[in-house]
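So the structure is just underneath, and the comments pick up after that.
Every number in this text was worked out from the coordinates using simple rules, so none of it is lab data. In this text, all values refer to a predicted model and were calculated from it rather than measured experimentally. Reconstructed Cβ throughout: ideal geometry from the backbone, glycine too, with neighbour counts over all protein chains shown.
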């Protein structure tokens, strides 16, 4: 079924001129008839002007109105089209925020939380197509390790160097991580923008939910992956590549790190994202990427467009035909079709 749209619909207002033109024509006809009435009676005028046609001025005016209407329609430019085409996927902008705080060295996920998360992100990069990827590392502060890029080889190389020493300030500030991730996107318009946050969720500073709400306002979706076990594990102290005991509090008790599932869930739900408890080789990232792709396909399949063709030429041709016909048609009757003679003589 053909679809119709108008390039300049605001010009429909010009049709309001037609009634005024009709009023002016009627006024002119009335003034003419009044002037002739002062000169002679209707019967005498008919004899003095035997070739005058009472209907042709009306026909010519009607043709002029049609021509004027056709000119307006040509200016409005109706466009028709019926060929629907699907828009092609252009890829997304994906920022992975990876927790590299010391608690990520806990080994309740083998070989460690950080190493498993790093391997899962590397696997995620292998599945990207036409997407732009960025990597943000965070602990007590955050920085962009990999700016937005389509160079996946360089991204994997820089990912391998990510460790607890990559961030100078220790602790866990998820708010700063989200703030840095939001700033890593190219712009607020264009492709879909997604943040995947991998962390044990032990945020000791800031207000992560504030930045999740800020991301939601900008149309950014946050997916979260909780890294670690619900039972938790001690945090090893690493020196020269080997473990030198476990982190202890001021009372000398071993610190047990447990991931904060409630916080990680709330961050995802605030933006309509998914929360996954990291398990398996992919840490739930395959499921998240599949969800992103399904929404992406749905969005692009619904974005169809019609190839429209302008039809103003038809109205231009019609207007020319009517104007030429109006110009060729005389106001008077053709004398050879009139059997009467002027003043009744032969």
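Figures for the structure shown
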quantity: Gain upon complete extension [residue 261, residue 161; 0.36 nm per residue less C-alpha separation]; calculated: 33.3 nm
quantity: Protection-proxy order for peptides 171-182, 318-329, 142-153, 15-26, each taking the mean of Cβ atoms within 10 Å per residue, highest first; calculated: 171-182, 142-153, 318-329, 15-26
quantity: Two-site label geometry, residue 3 and residue 250: point separation in nm, points 7 Å out along Cα→Cβ; calculated: 6.7 nm
quantity: FRET efficiency, residue 169 to residue 294 (Cβ-Cβ, R0 41 Å, nearest 0.05); calculated: 0.60
quantity: Relative packing of peptides 262-268, 279-285 - highest average C-beta neighbours within 10 Å first; calculated: 262-268, 279-285
quantity: Gyration tensor (alpha-carbon) shape descriptor, the stretch 154-219, a/c threshold 1.5; calculated: oblate
quantity: Approximate spin-label separation residue 324-residue 186, in nm, with each point projected 7 Å along Cα-to-Cβ; calculated: 5.3 nm
quantity: Per principal axis, descending, Cα span of the stretch 143-283 in whole Å; calculated: 52, 34, 30
quantity: Proxy reagent accessibility, fewest Cβ within 10 Å first, across 4, 237, 92; calculated: 4, 237, 92
